[in-house]
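Engineer: Below are the C-alpha cells for one structure; questions will follow.
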Amino acid sequence: MQNFRFLNKTEIIFGKDTQKEVGAEVKKHGSKVLLHYGSGHIKKSGLYDEVIESLNESNVDFIELGGVKPNPRLALVREGIALCREHKVDFILSVGGGSVIDSAKAIAVGARYDGDVWDFFYDKAVIKQAIPNGVVLTIPAAGSESSDGSVITDLPNKNKRHIGSPLIIPTFAIMNPELTYTLPAYQTACGTSDIMAHVMERYFTNVKDVDFTDRLCESTLKTMIHNAPLALANPSDYASRSEIMWAGTLAHNNLLDTGREGDWSTHMIEHEISGINDVAHGAGLSIVFPAYLKYVYKHDIARFVQFAVRVWNVDQSFGNPEQTALEGIARLESFLKSLGLPTMLSQIDLDESSFERIATNCRKTNDDGVGYFVKLYEQDIKNILKLAL
Ligand code: NZQ
Ligand code: ZN
C-alpha cells in the first residue's frame, strides 16, 4: 500500500425529507447565494418549490441561474461567473446531478479569478480560490456531490475538459433517495455505469498489498449489481435507491483509492467521446470500459481473475486463468446490456473517422501516455475504440 492523506470535507445529509433542511444549511455558509439548476426536472417534480420555500423560510437572499444541460456548457458557466461578480455571491447551491454541480464548481473558481475560467481547464492557471458550494443531489452517478472534480464542455469546439481541486469539494450534500424516483430508466442505468466505472478505474491498479480497498471496491460493485436491476424494476423502491445513492458517493469521494493508484484512461477516452457527440457520460463508459478491459487484461491476469471470481461469481478455471478473466469481462458487458445501455460505438453513431481526433486529444494533456495501470498511446486508444465498433 502507498502512503496517503485522505480528507473529504463534504457533510452528507442523507435520508427522507432532508431537502427541507436546505435553507437552514445554506444560511450557515452564505449571505448571498446563487441557486443553480438544470433543464427543468426539478420544476416538474416540485423539488424547485420545496427548495425555494426552505430558502425563504430561512431568509436566504438568493439569485437563480437555471438551464444547465447534461455535459454542462462553458457558455453558461461564463454567464454564472458574471452573475456572481455582479451580485457578490458568496455561496453556490446546486440542485441536480453531476452536470449542475460541475457547472457550479466551474462558476465558483471562475468568479474568484481575474482571467478566463477556461484557463484552469488547460493548466494555464492554478486554482487558488473558489466560492464555497453545496448540493441537493437528484441523481446518483457522477459523484460530484463530494468529489474534487468538475467537467465542462466547450460545445462549439467539441472539447470536454476536467479540473480538480480540493477547493471545489462541496461543503454539504443533501441526499434524499426519494428524489431519484423520477429518474428515467436510461438515466438510472447511466448512473449505474458511471458509479461502477469510478470503482473499476480504481480497482485496476499496479499497487500491491491493497486487499482492504480491493474488497471495498468489490463490495461497492456487488451492491450496484444487486440493486440497479431492483431500482429499474421498481423506481420507487427506497431500499435499492438508497443503496445506490450512498454507493455512488463513496465510489468517487477518493476513499476507495486510498493507498493505491487508479487508472482513469477509460474516463479520458469517454470525455473525448461525449465532447464530440454529447452522449451521456455513463453510456459512453458502458461502451469504452469492456473494450478497454479486453485490451489490457493480459497485463495482470491474476487481478482480472480476482475481479471475475469475487465480483461476478465466475467459477475459477485453475488450468485456464485467461478464460476466467475473459468471463468476468463478458459478465460485466452483459450486465451493462441488461440495463439497456449501449456497448458498441455504432449504437451512438460514432465511427472510425473520429478515432484520430479522440486519440490525439487524449494524448495532448498526457505527454507520458494515458492512464496508470497500462500506459496507452495513440495506437492503443485507436485499438480499444476498434474493439468497441
Ligand atoms: O437537467 P435536469 O432537468 O436536471 O435533468 C437531468 C438531465 O437531463 C436529469 N435528471 C437528474 N435528476 C433527475 C433527472 N430527471 C428526473 N428525475 C431526477 N431526479 O438527468 C439528466 C442527466 O443529468 P446529469 O446531471 O447530466 O447526470 P450525471 O449526474 O450523470 O452528470 C454527468 C456529468 O458529470 C460529469 C460527466 O462527464 C457529465 O458531464 N462527471 C463529473 C465528475 C465529477 N465532477 O467528479 C466525475 C464523472 O466521472 C463525470 O465525468
Ligand atoms: Zn465518471
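Engineer: Among the lysines, select those whose C-alpha is under 20 Å from the C-alpha of LYS160, and discard any that sit fewer than 8 residues away in the same chain.
Structural biologist: LYS69, LYS105, LYS124, LYS364, LYS382
Engineer: Taking a spot 7 Å from the Cα of GLU378 along the direction of its beta carbon, which residues of the stretch 280-305 have an amide N less than 16 Å from it?
Structural biologist: What the label zone holds, given the 16 Å backbone N cut-off, is no residue at all.
Engineer: Further question on the same structure: Return the FRET efficiency for the residue pair GLN323, VAL207: r is the Cβ-Cβ distance, R0 is 41 Å, and the value is rounded to the nearest 0.05.
Structural biologist: Once rounded, the FRET efficiency stands at 0.95.
Engineer: Whole angstrom only: what separates the Cα centroid of the stretch 166-220 from the Cα centroid of the stretch 247-275?
Structural biologist: 9 Å
Engineer: Kirkwood hydrodynamic radius, the chain, all distinct C-alpha pairs: what's the number in Å?
Structural biologist: 21.2 Å
Engineer: Which net charge results when you count Lys and Arg as +1 and Asp and Glu as -1 among the other residues whose beta-carbon is under 15 Å from that of ARG260?
Structural biologist: -4
Engineer: Enter the Cα centre distance for the pair the stretch 294-348 and the stretch 110-159, rounded to the nearest angstrom.
Structural biologist: For the stretch 294-348 versus the stretch 110-159, the Cα centre distance is 34 Å.
Engineer: Now for a separate question. Just to verify a number: FRET efficiency for HIS299 and SER346, C-beta to C-beta distance, R0 = 30 Å, to 0.05?
Structural biologist: Result of the calculation: an efficiency of 0.65.
Engineer: How many nm separate the modelled label positions at GLU53 and ASN277, each set 7 Å beyond the Cα in the direction of the Cβ?
Structural biologist: For GLU53 paired with ASN277, the spin-label model returns 4.4 nm.
Engineer: If you don't mind, another one. How would you rank 40-53, 210-223, highest first, on the average number of other Cβ atoms within 10 Å across their residues?
Structural biologist: Taking the mean over residues of other Cβ atoms within 10 Å, the ranking is 210-223, 40-53.
Engineer: Counting Lys and Arg as +1 and Asp and Glu as -1, what is the net charge of the other residues whose Cβ lies under 12 Å from the Cβ of TYR122?
Structural biologist: Residues close to TYR122 contribute a combined charge of -1.
Engineer: Any idea how far the Cα center of the stretch 70-90 sits from the one of the stretch 352-389, in Å?
Structural biologist: Here the answer is 32 Å between Cα centres.
Engineer: For the stretch 11-179, what is the percent of antiparallel DSSP beta bridges, rounded to the nearest 5?
Structural biologist: Close to 20 percent.
Engineer: Take every DSSP beta bridge whose two residues both sit in the chain, then give the antiparallel share in percent to the nearest 5.
Structural biologist: Antiparallel bridges: around 25 percent, rounded to the nearest 5.
Engineer: Further question on the same structure: Of all the C-alpha pairs in the stretch 185-387, what % are more than 24 Å from each other?
Structural biologist: 38 percent
Engineer: What distance in nm separates the simple spin-label points at LYS386 and ALA125, each placed 7 Å from Cα in the Cβ direction?
Structural biologist: Once both label points are built, they end up 4.3 nm from each other.
Engineer: Moving on to the next point. Out of all DSSP beta bridges in the stretch 130-256, what portion is antiparallel? Express it as a percent rounded to 5.
Structural biologist: Antiparallel: roughly 65 percent of the beta bridges in the stretch 130-256.
Read-outs throughout are calculated quantities, based only on the coordinates presented, and are distinct from any laboratory measurement. Computed from a predicted structure; not experimentally measured. Cβ sites come from the backbone with ideal geometry, for glycine too, and all protein chains shown count toward neighbours.
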